[in-house]
There are 2 protein chains.
Amino acid sequence: MPETPSDFLGVLSARLGEKHVIADPAGMESYLVEERKLYRGNALAVVRPGNTEEVAFVVQECAKAKVAAVPQGGNTGLVGGGVPHTGIVLSLARLDRIREVNPFNATMIVEAGCILKTIQDAAEKVDCIFPLSLASEGSCRIGGNISTNAGGVNVLRYGNTRELVLGLEVVLADGRIWNGLKSLRKDNTGYDLKNLFIGSEGTLGIVTAAVLKLFPRPKTRVVAFIGCASPHAALDLFEGLRQTLGDALTAFEFMPRFALDIVLRHAPGAVRPLSGDHAAYALIEVASPDPEIDLRALLEKALGSAFENGTIEDATIAASEAQNAALWYLRESLSDVQGLEGGSIKHDVSVPVSDVADFIVTASRACEEALPGIRVCAFGHFGDGNIHFNLTQPIDMEKPLFLAQWGRFNRIVHDIVHAMNGSISAEHGIGLIKRDELARYKDPVALDLMKTLKRALDPQNILNPGKVVALEGDLPPALPMGKKG
Amino acid sequence: MPETPSDFLGVLSARLGEKHVIADPAGMESYLVEERKLYRGNALAVVRPGNTEEVAFVVQECAKAKVAAVPQGGNTGLVGGGVPHTGIVLSLARLDRIREVNPFNATMIVEAGCILKTIQDAAEKVDCIFPLSLASEGSCRIGGNISTNAGGVNVLRYGNTRELVLGLEVVLADGRIWNGLKSLRKDNTGYDLKNLFIGSEGTLGIVTAAVLKLFPRPKTRVVAFIGCASPHAALDLFEGLRQTLGDALTAFEFMPRFALDIVLRHAPGAVRPLSGDHAAYALIEVASPDPEIDLRALLEKALGSAFENGTIEDATIAASEAQNAALWYLRESLSDVQGLEGGSIKHDVSVPVSDVADFIVTASRACEEALPGIRVCAFGHFGDGNIHFNLTQPIDMEKPLFLAQWGRFNRIVHDIVHAMNGSISAEHGIGLIKRDELARYKDPVALDLMKTLKRALDPQNILNPGKVVALEGDLPPALPMGKKG
């Protein structure tokens with residue numbers, strides 16, 4: 001890139017106000033470092049526009065000066081997608097207005113900088129829900145959720161973020177604003193621009209606002225925790241429940257014994273859900289908008305027959321909302337406690353749901369053979385075929401030595417996923433950390449189409465350059481510190 | 001376009017076999033005329049490849065010779081999108097294999113030429129459903145459904161075609177094949193190519209196969225027919241039912257009194273559902289995968305309270321599957337009987353669901369003022385905000401005189417839709433018939449983005465040229481015969 005014009009930041013300051021163009025290292029720090037400290041970035045400045053027109057102005061100036069703009073929401077991403085390596089950080093945090101809540105149309109118009117939790121709360125105030133729910137919901141911002149097509153624990157019932165968005169407002173690479181804030185259930189007027197921007201990680205345009213779908217608030221829910229003899233038995237359980245419960249089944253999460261063991265060991269207040277030990281656990285939730293439906297009876301019947309035919313070994317059904325929460329706590333604590341067992345090599349993969357048990361068994365065996373003593377922590381959104389296939393270090397190994405094998409285990413796991421026609425990034429996206437893995441596994445025609453789209457929509461390559469796909473001139477990905485083998 | 005090389009068809013015949021390259025007028029006839037006889041097209045030949053590789057070969061030859069390829073499925077489209085005006089018709093009808101049915105993954109892999117009804121039947125054989133359902137399901141082909149993002153009567157519960165497709169195989173404008181036949185619920189590996197092709201009406205690529213989502217087969221359903229005092233009362237009913245029934249509510253269709261009157265007058269065997277007359281009727285369906293749930297009791301309760309608070313005037317709940325079908329017959333006959341009342345000017349529009357009653361009232365009044373005696377037949381997918389706002393001629397008017405006002409009424413209706421931030425094509429697409437309407441109403445930035453995408457993916461403009469968006473050199477749309485004012 002050419003030299004940045006000397007008055008570039010001055011022009012931005014004049015429009016946005018000086019305090020919204022941050023160039024001092026201390027002020028920039030939290031925007032440059034990725035949450036898990038995997039990456040440290042560089043930027044000319046952090047720029048914080050206050051509305052869509054100011055975002056457009058900033059991007060116009062970037063386009064004129066050929067300066068990169070790296071959009072950032074809550075900076076909670078897990079793939080280095082929001083970390084800048086050149087140009088400015090364009091923070092959407094000040095675009096935090098909820099523009100409209102319309103329970104009658106079951107929609108809500110929000111700005112990109114709204115925190116997910118704020119949106120969930122606003123929906124509940126009108127007796128609806130916005131069902132996107134994930135670990136970082138207290139600090140992630142909806143623009144980031146949209147740009148990464150975030151998943152979470154309610155995908156089984158409500159779909160990914162993509163399915164929850166009806167319309168978008170986007171600032172394009174030349175600074176024009178596309179107003180696609182439609183609140184329609186059906187609209188076949190031309191190409192699907194909305195889905196092109198959703199999940200493109202800020203490389204094709206910058207999402208500034210969105211129309212979100214709301215749903216009737218479930219009036220009753222029941223959670224159960226179930227012990228099975230194997231992942232295959234858990235899959236049989238899932239198939240059976242899906243047939244009888246349909247959409248009442250809102251979550252089907254999986255944990256192996258190792259995962260429950262470390263939660264019980266480390267998570268404060270975690271209570272053992274079943275008396276014995278089992279090789280595989282499922283946490284399921286059923287919910288209904290009808291407050292009078294007896295979900296517990298429904299579930300007792302379904303689990304009773306699963307017990308009789310040998311699909312499950314044991315189960316507990318929560319008898320109160322407090323017990324519902326206590327069971328969810330076992331699953332939700334898992335992300336926090338893994339680190340307490342040492343180094344962890346992580347994968348966020350998916351396969352067809354019918355293959356998810358085969359995948360867990362095959363990949364676990366391959367990793368255990370590759371490094372005896374390795375502890376497989378394969379958990380997650382089983383009902384979506386999405387497994388966080390995490391590998392915890394052997395007990396007696398040095399953490400850096402283990403983490404040095406990151407690349408080797410990526411290869412083992414991703415090769416198996418690829419052979420099963422799966423995905424090497426089910427819900428976290430590509431960003432920088434998986435960019436070269438993507439180039440390895442993605443259909444070459446698809447990869448070429450992606451580059452064609454990037455060049456067509458961002459011909460100067462100024463929007464989050466080097467993320468998702470690498471074009472000529474992009475930097476090689478900075479290695480995550482101490483992680484790549 | 002330059003002269004077509006003299007051996008162009010010969011090269012195609014040599015690969016596909018002579019009988020699959022049809023150039024005689026009689027053999028081509030059914031491919032050139034649109035179902036409702038609104039358009040007659042022209043083509044060098046009708047080419048019928050037998051598999052994906054042959055489709056790719058044909059498109060490669062078209063690219064070399066700069067000959068347009070107009071993909072066609074069942075030729076049942078309603079906007080002239082499959083009618084050729086240059087080049088060849090590329091019929092997908094021979095790609096009619098169901099490649100895989102996987103009830104455990106709840107997916108099915110089908111080729112573009114499969115007839116929708118065949119797919120529905122194959123799903124039912126494994127105790128699942130493929131929920132896409134529309135009037136032409138016995139002859140439309142899934143490739144066309146995908147290319148137009150077809151809607152139909154089950155969108156309220158299951159979404160548009162877009163929501164029912166997990167993966168695609170597409171032949172690109174240069175003849176390369178993109179294999180995106182993934183059967184995954186979650187896949188965040190780069191840009192959403194799938195949704196770019198879905199709904200692009202064959203102008204960006206030619207869909208040759210798809211992975212479809214299946215759903216548990218509802219084991220029980222109940223249909224009710226309800227009389228209300230107004231569209232606003234029907235909307236109140238919808239909002240109430242959605243809150244209490246949630247996803248058990250699988251359809252909410254609307255008919256005004258005029259629509260029911262003409263069905264009862266013309267449809268053989270149609271039986272009056274309610275003793276009195278009402279200004280607005282709703283047909284609703286509730287369904288469940290649980291065979292033991294008492295849907296009738298659920299519905300009686302919900303409708304009972306709607307009756308008590310004055311939302312509805314009368315209702316009948318079907319007591320058998322035969323009665324379910326008889327009530328649906330009233331709604332489904334409507335398309336056929338409209339023509340028996342004379343000329344009809346049609347619109348396929350949507351507005352936010354919360355505005356659908358306002359829209360019906362406002363647009364009806366505007367049309368009645370513009371032409372006293374006009375009979376508004378505004379019916380359809382009320383729960384999606386999608387109304388087929390059709391206008392039947394005054395009883396004593398000459399049909400051609402009425403149809404000559406097509407353009408005038410388009411303007412009246414579409415202006416109202418546009419002012420309500422609605423869509424001028426909710427489910428039928430743009431094709432040729434709405435191309436210039438789209439250019440009038442679409443956000444100019446969106447229209448420009450569409451052209452950018454078209455140029456990037458089809459730089460020679462050989463895929464269904466002149467449809468959806470007009471580029472330089474495209475022909476003006478042929479006027480639908482006798483329809484435009």
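The values are calculated or read from the model by the stated rules, or taken from the named source; none is laboratory data. Keep in mind it's a predicted model, so treat the numbers as computed, not measured. Cβ sites come from the backbone with ideal geometry, for glycine too, and all protein chains shown count toward neighbours. Heavy atoms of the whole protein, side chains included, go into the accessibility calculation; ligands, DNA and RNA do not. Shrake-Rupley method; radii C 1.70, N 1.55, O 1.52, S 1.80 Å.
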*Complex-versus-alone comparison for the range B:413-433, residues with a loss of 40 Å² or more in accessible area, probe 1.4 Å*: B:Asn421
*Placing a label point 7 Å from Cα toward Cβ, how far apart in nm is A:Gly138 from its equivalents in the other copies, listed shortest first to one decimal?*
6.1
*Surface share of carbon and sulfur [accessible, 1.4 angstrom probe, percent] for chain A*: 52
_Calculated label separations, A:Gly373, copies of the chain, 7 Å along the beta-carbon direction, nm_ = 9.4
*Against the longest principal axis of chain B, how steep is helix B:321-332, in degrees 0 to 90 to the nearest 10, with axes from Cα atoms?*
70
*Area hidden from solvent between A and B (accessible, protein heavy atoms only, 1.4 Å, total, Å²)*: 6800
*Taking the Cα-to-Cβ direction at A:Arg411 and at B:Asp121 and moving 7 Å from each Cα, how far apart do the two end points lie in nm?*
5.1
*Under the Karplus relation 6.51 cos²θ - 1.76 cosθ + 1.60, θ = phi - 60°, what is the ordered set of whole-Hz ³J(HN,Hα) values for the range A:255-260, x standing for Gly and Pro?*
9, x, 4, 4, 5, 5
*Report, as an integer, the average count of C-beta atoms from other chains found within 10 Å of each Cβ along B:379-388.*
2
*asked:* Only four residue types carry charge here, +1 at the Cβ of Lys and Arg and -1 at the Cβ of Asp and Glu. Report the dipole size of the range A:98-216 about the Cα centre in Debye, rounded to the nearest 20.
replied: 180
_Dipole of the range B:333-443, positive direction: furthest Cα of B:Ile416, B:Ser344, B:Ile430, with charges on the beta-carbon_ = B:Ile430
*In whole angstrom, how long is each semi-axis of the equivalent ellipsoid of the protein assembly as shown, when you take the square root of 5 times every eigenvalue of its Cα gyration tensor and sort them from largest down?*
44, 36, 29
*asked:* Using the crude model of +1 on Lys and Arg Cβ and -1 on Asp and Glu Cβ, and no other charge, please compute the dipole size for the range B:276-318 relative to its Cα centre, in debye to 20.
replied: 60
*Calculate how steeply helix B:295-308 sits against the longest principal axis of the alpha-carbon atoms of chain B, using the helix alpha-carbon long axis, and give the answer as 0 to 90 degrees to the nearest 10.*
60
*Size of charge dipole - the range B:1-79 - debye, nearest 20, with Cβ of Lys, Arg +1 and Asp, Glu -1, no other charges*: 180
_Accessible surface, per residue, of chain A when the full set of protein chains is kept, probe 1.4 Å, Å²_ = 36
*asked:* Just to be sure I understand the model, the point goes 7 Å from the Cα along the line to the Cβ. What's the resulting B:Ile395 to A:Leu264 distance in nm?
replied: 8.0
*Enumerate the amide H contacts of A:Leu181 below 5 Å, restricted to partners 5 or more residues apart or on another chain; note that Pro and chain-start residues carry no placed amide H.*
A:Leu168
*Put simply, what bits of the range A:270-319 lose 10 Å² or more of accessible area when the other protein chains are there, versus the chain on its own (1.4 Å probe)?*
A:Pro289, A:Asp290, A:Glu292, A:Ile293, A:Leu298, A:Lys301
_As I understand it, the value is the acute angle between the Cα axis of helix A:116-125 and the longest principal axis of the Cα atoms of chain A; what does it come to in degrees, rounded to 10?_
70
_Karplus 3J(HN,Hα) series, Hz, for the range B:37-53 with 6.51 cos²θ - 1.76 cosθ + 1.60 (x for Gly, Pro)_ = 6, 6, 9, 10, x, 9, 7, 5, 6, 9, 10, 10, x, x, 7, 4, 4
*Between B:Thr107 and residues 5 or more places away or on another chain, which pairs have amide H atoms under 5 Å apart, with H built 1.01 Å from N, and which residues are they?*
B:Asn102, B:Leu214
*Taking the Cβ-Cβ separation of B:Lys219 and A:Lys219 as r and a Förster radius of 35 Å, what is the calculated FRET efficiency to the nearest 0.05?*
0.90
*Give me the aspartates and glutamates in straight-line cross-link reach of B:Lys219: C-alpha distance below 18 Å, same-chain residues under 8 apart excluded.*
A:Glu239, A:Asp247, B:Asp121, B:Glu124, B:Asp127, B:Asp247, B:Glu285, B:Asp290, B:Glu292, B:Asp294, B:Glu321
*Calculated label separations, A:Glu332, copies of the chain, 7 Å along the beta-carbon direction, nm*: 4.6
*What is the range B:342-428's relative contact order, in percent, from Cα pairs under 8 angstrom and six or more apart in sequence?*
45
*asked:* Past 30 Å, Cα to Cα: identify those pairs from A:Lys454/B:Lys467; A:Lys454/B:Lys37; A:Lys66/A:Lys213; A:Lys194/B:Lys213; A:Lys19/A:Lys66; A:Lys186/B:Lys19, in the order given.
replied: A:Lys454/B:Lys37; A:Lys66/A:Lys213; A:Lys186/B:Lys19
